[in-house]
Amino acid sequence: MTEPLKIDVRAALNAKLPGKHIPEFIVRYLERIVHVKEMNEFLKVHTTERDFDFARVFFEEGLHCSSSIQGTENIPADRSRLLFVSNHPLGGLDGIVLALMLGEQRNYHLRLIVTDLLMYIKPLNGIFVPVNKVGKQSREYAQRQQELWESDMDILSFPAGACSRLQKVKGEGLVIKDLEWQKSFVRNAVKYERDIVPIYFDGKNSRFFYRLAYWRKKLGIKVNIEMLYLADEMYKAAGTHFSARVGKPIPYSTFDNSRTPQEWAQYVKDIVYALGKES
């Protein structure tokens, strides 16, 4: 008989921190803020759903959320191998929502690049391609990413690499916005000849999350403590309606030598946030 799927915090910690002793009280606390009990109860009931089917039932029945998307006419129906890039306000749930939205538009021919921690949600492994955000990239992960870029699949990526933070922006004041976008998505768009489709996702985490991130940085703590609370943020968002707006595609040929890859990354980021200002 197949063993039922479940989230195991202790196993995840042992995999990420081999040889380190993790006190039991820390494991129990992490289990609480990761909502292990709720997740495992959900997994017990939904034993057959996988990938997009699991994402949908978790989003709609597990969290009782809904969503809407505008600008789908900007998604080229006659082109494959698109690279969708979005701001990253939530740090997890936004990926699931966008994967569902875009998957529906693209006949579910889509894969999502995510932090490897999300790979512990095994029913979603089929649509996730992992990247290690802590430490060196493994050869296996690098190989899987290269295979994805070379494939005919559409790709959804969050170039910020981490979710949005509360920060001061010149001319805008204190706003919730992505950190600097990594330039690798521009280089990959050119290298693998993938047109970019910009998307703005409307959402935000709790005040607690942003305060924690602010004080962690203020105190000079380098470890991304607030990341541990992303699952908790996801459950706090239960019952929310999320919306997204799709912009016009940007041909990969746009990214020439007139700007540096980092400047092109900022160019696309500006387009994404301009979408958020449209009515």
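The values are calculated or read from the model by the stated rules, or taken from the named source; none is laboratory data. This structure is a prediction, so every number in the text was calculated from the model and none was measured. Cβ placement follows ideal geometry from the backbone for every residue including glycine, while neighbour counts extend to all protein chains displayed.
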Margin query: If I filter the stretch 55-65 for residues that are within 19 Å of Arg111 (Cα to Cα), in a helix (DSSP H, G or I) and either of a type in the set (Lys, Arg) or touching a strand residue (DSSP E or B) at 6+ places or on another chain (Cβ under 6 Å) (or both), do I get at least one hit?
Written below: yes
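Would you confirm whether any residue within the stretch 241-257 is within 16 Å of Gln182 (Cβ to Cβ), within 21 Å of the chain's Cα centre (by Cα) and surrounded by 12 or more Cβ atoms within 10 Å (Cβ to Cβ)?
Of all residues in the stretch 241-257, those within 16 Å of Gln182 (Cβ to Cβ) come to 255.
Among the residues that remain, those that are also within 21 Å of the chain's Cα centre (by Cα) are: none.
Within the stretch 241-257, not a single residue is within 16 Å of Gln182 (Cβ to Cβ), within 21 Å of the chain's Cα centre (by Cα) and surrounded by 12 or more Cβ atoms within 10 Å (Cβ to Cβ).
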Check: In the set Ile22, Ile113, which member is farther than 15 Å from Leu124 by Cα and either among the hydrophobic types (A, V, I, L, M, F, W, C) or not assigned by TED's automatic domain parsing to the domain that holds Phe185 (or both)?
Finding: Ile22
Next item on the list: Quick one: which residue in Leu100, Leu30 is at pLDDT 90 or above, closer than 21 Å to Gly276 by Cα, of a type outside the set (Val, Ile, Thr) and assigned to a helix (DSSP H, G or I)?
Entry: Leu100
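Could you check, for the stretch 79-89, whether at least one of its residues is part of a helix (DSSP H, G or I) and either out of contact with any helix residue (DSSP H, G or I) (no Cβ under 7 Å at 6 or more places or on another chain) or not hydrophobic (A, V, I, L, M, F, W, C) (or both)? Walk me through it before giving the result.
Pass one, the stretch 79-89, residues part of a helix (DSSP H, G or I): none.
Within the stretch 79-89, not a single residue is part of a helix (DSSP H, G or I) and either out of contact with any helix residue (DSSP H, G or I) (no Cβ under 7 Å at 6 or more places or on another chain) or not hydrophobic (A, V, I, L, M, F, W, C) (or both).
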Note to self: Considering only residues that are outside any loop (DSSP other than H, G, I, E, B), among the acidic types (Asp, Glu) and either within 19 Å of the chain's Cα centre (by Cα) or surrounded by 18 or more Cβ atoms within 10 Å (Cβ to Cβ) (or both), which ones fall in the stretch 125-181?
What the structure shows: Asp154
Notebook entry, point to check: Given (1) on the phi > 0 side of the Ramachandran plot; (2) of a type in the set (Asp, Glu); (3) not in a loop (DSSP other than H, G, I, E, B), where does Glu263 come up short, assuming only one miss?
Noted result: (1)
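Out of curiosity, is Tyr229 in the same structural domain as Arg79 (by TED's automatic domain parsing), farther than 21 Å from Gln182 by Cα, in contact with a Phe, Trp or Tyr (Cβ under 9 Å, 6 or more places away or on another chain) and at pLDDT below 95? Break it down stepwise before answering.
Working: in the same structural domain as Arg79 (by TED's automatic domain parsing): yes; farther than 21 Å from Gln182 by Cα: yes; in contact with a Phe, Trp or Tyr (Cβ under 9 Å, 6 or more places away or on another chain): yes; at pLDDT below 95: yes.
Criteria met by Tyr229.
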Check: Out of (1) of a type in the set (S, T, N, Q); (2) out of contact with any strand residue (DSSP E or B) (no Cβ under 6 Å at 6 or more places or on another chain); (3) in a strand (DSSP E or B), what's the single condition that is false for Thr47?
Finding: (3)
